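Take a look at the structure set out below.
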Amino acid sequence: MSNQVRIGKTNLYVNPIGLGTNAVGGHNLFQNLDEEAGRELVRTGIANGINFLDTAFIYGPKRSEEIIGEVVKEIGSRSQLVIATKAAHKFVGKDIVIDNSPSFLKQSVEESLQRLQTDYIDLFYIHFPDKDTPKDEAVGVLKQLKDEGKIRAIGVSNFSIEQLREANKDGYVDVYQGEYNLLSRDAEKELFPYAINNGISYIPYFPLASGLLTGKYNKNTNLEEKRGKFFQKETFEATLEKMEHIRDIANGKGAEVAHVVLAWYLTREAIDVIIPGAKRAEQVLNNLKTLEIQLTDAEIQEIDRVFQS
Ligand SMILES: NC(=O)c1ccc[n+]([C@@H]2O[C@H](COP(=O)([O-])OP(=O)(O)OC[C@H]3O[C@@H](n4cnc5c(N)ncnc54)[C@H](OP(=O)(O)O)[C@@H]3O)[C@@H](O)[C@H]2O)c1
């Protein structure tokens, strides 16, 4: 098993390569998703040393948490795993509203515990900020749940820097999860320094820019078949050019582009662990190879320079 790293100031120690599971049962996010492929990729990840799983109520909705609960039960490895989930989305009829009220967060934790078939959640995040709830009050109820042993660490996600400051007034925030990748580096300006100064671990989502940063696409890719902001023509073409620098570095190491990209994130001071997503077991296995490579200072700086926007 790889060396385990500590997530910020928590008592959670994990393989630095975790697993994002929005494509495990996330039928509302991905078309024609195969649940069995999702189960299999979670099993494969765990069998090969992944022990940090990232899910959320809204992936499915509910289905991702349910599948993870079932697979973990089947394998019987709950105590060796660190499971993170998130909530804030509330169904009001068919509409979804964002709710950070203490009562809704409390209810959400209870419901996630049931779907995950567990009696504690290692890391519970407020998934998105609402407009009304003071953020220190929202985090306050999570602190109570932590004291009761229902959750082990507190996270917030998609908060602005002001919302994060408010949320962390009493120093209770352990983890911040936000978008960060070589194409989206805004977090470096304020969120990273705040996280570093406050012992908060920054967990980046979309680390592979939904697959674009794996280097598997080229100028002949039919962009009409691809969804999402990273596949807009201009971003896509500019990225392909930059990726050639990464490809050279990867070739020099006998590695693949995705491994170099993922390894680069782990060199950021604010980041302890990453949670690349996957649709198939082979991708999970492939991303684990990141741990086999070491980037030199010159390579780290070159990637930094090429991807300065
Ligand atoms: N807090 C939030 O609001 C938030 C938002 C988004 C995501 N997240 C979390 O962050 C995690 C990561 O984000 P993400 O999964 O959306 O994006 P991502 O990690 O940037 O991209 C994952 C996608 O890249 C492709 N891929 C992965 N490994 C590959 C490999 N080795 N070779 C080739 N292709 C590969 C797969 O898609 P294809 O096979 O289709 O190419 C996979 O679904 C999510 O799973 C979720 O847990 C959180």
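The values are calculated or read from the model by the stated rules, or taken from the named source; none is laboratory data. Note that the structure is predicted; figures quoted are calculated from it, not measured. Note that each Cβ is placed from the backbone with ideal geometry, even for glycine, and that neighbours are counted across all protein chains shown.
Hey, can you tell me all the residues within the range 128-145 that are farther than 13 Å from Lys106 by Cβ and of a type in the set (D, E, K, R)?
Within the range 128-145, the first condition is being farther than 13 Å from Lys106 by Cβ, and the residues that meet it are 128-132, 134-136.
Answer for the range 128-145, where residues must be farther than 13 Å from Lys106 by Cβ and of a type in the set (D, E, K, R): Asp130, Lys131, Asp132, Lys135, Asp136.
From the list Ala258, Ala278, Ala250, the one residue that fits, being out of contact with any Ser or Thr (no Cβ under 7 Å at 6 or more places or on another chain), closer than 24 Å to Asp54 by Cβ, within 13 Å of the ligand (Cβ to nearest atom) and not basic (Lys, Arg), is Ala278.
Any residue at all in the range 229-239 that's out of contact with any Pro (no Cβ under 8 Å at 6 or more places or on another chain) and not in a helix (DSSP H, G or I)?
In the first step, residues of the range 229-239 are kept if they are out of contact with any Pro (no Cβ under 8 Å at 6 or more places or on another chain); the result is 229-239.
Going one step further and asking which of them are not in a helix (DSSP H, G or I), we end up with 232.
The answer is yes, given that some residue of the range 229-239 is out of contact with any Pro (no Cβ under 8 Å at 6 or more places or on another chain) and not in a helix (DSSP H, G or I).
A residue that is of a type in the set (Lys, Arg), more than 14 Å from the ligand (Cβ to nearest atom) and either under 18 Å from the mean Cα position of the chain (by Cα) or assigned to a loop (DSSP other than H, G, I, E, B) (or both) can be found somewhere in the range 266-275.
Restricting attention to the range 137-160 and to residues that are of a type in the set (S, T, N, Q) and part of a loop (DSSP other than H, G, I, E, B), the residue that is farthest from Thr55 (Cα to Cα) turns out to be Ser160. Residues of the range 165-183 that are surrounded by fewer than 24 Cβ atoms within 10 Å (Cβ to Cβ) and either under 12 Å from Pro129 (Cβ atoms) or among the basic types (Lys, Arg) (or both): Arg165, Glu166, Lys169, Gly178. On inspection, Tyr172 does not qualify as away from the ligand (no atom under 11 Å from the Cβ), under 23 Å from Leu262 (Cβ atoms) and either at pLDDT 95 or above or in a loop (DSSP other than H, G, I, E, B) (or both). Is there a residue in the range 24-41 that is closer than 28 Å to Ala167 by Cβ, assigned to a strand (DSSP E or B), within 12 Å of the ligand (Cβ to nearest atom) and at pLDDT 95 or above? The answer is no, given that none of the residues of the range 24-41 is closer than 28 Å to Ala167 by Cβ, assigned to a strand (DSSP E or B), within 12 Å of the ligand (Cβ to nearest atom) and at pLDDT 95 or above. Once the range 113-136 is narrowed to residues that are over 30 Å from Ser184 (Cα atoms) and either of a type in the set (Gly, Ala, Ser) or assigned to a helix (DSSP H, G or I) (or both), the residue that is nearest to the ligand (Cβ to nearest atom) is Arg115.
Applying a threshold of 7 Å to beta carbon distances and a minimum spacing of six or more residues, or different chains, the list of pairs starting in the range 259-282 at a residue that is on the phi > 0 side of the Ramachandran plot and at pLDDT 95 or above and ending at one that is assigned to a loop (DSSP other than H, G, I, E, B) and within 11 Å of the ligand (Cβ to nearest atom) is empty. Considering only residues in the range 191-215 that are without any contact (Cβ under 8 Å) to a residue 40 or more places away in the chain and outside any helix (DSSP H, G or I), the one that is surrounded by the most Cβ atoms within 10 Å (Cβ to Cβ) turns out to be Phe206.
Going by the conditions given, is Val284 part of a helix (DSSP H, G or I), closer than 11 Å to Ile17 by Cβ and either in contact with a His (Cβ under 9 Å, 6 or more places away or on another chain) or within 16 Å of the ligand (Cβ to nearest atom) (or both)?
On the way: part of a helix (DSSP H, G or I): yes; closer than 11 Å to Ile17 by Cβ: yes; either in contact with a His (Cβ under 9 Å, 6 or more places away or on another chain) or within 16 Å of the ligand (Cβ to nearest atom) (or both): yes.
The answer is yes for Val284.
Remark: Val141 matches the filter, which requires a residue to be β-branched (Val, Ile, Thr) and farther than 20 Å from Lys62 by Cα. Of the residues making up the range 207-228, those that are within 12 Å of the ligand (Cβ to nearest atom) and modelled with pLDDT under 90 are Glu225, Lys226, Arg227, Gly228.
In summary, Tyr194 fulfils each of the numbered conditions (1) within 15 Å of the ligand (Cβ to nearest atom); (2) among the hydroxyl-bearing types (Ser, Thr, Tyr); (3) within 20 Å of the chain's Cα centre (by Cα) with the single exception of condition (1). Looking at this structure, is Val141 more than 22 Å from Val24 (Cβ to Cβ), in contact with a Ser or Thr (Cβ under 9 Å, 6 or more places away or on another chain), in contact (Cβ under 8 Å) with a residue 12 or more places away in the chain and not acidic (Asp, Glu)? Criteria met by Val141.
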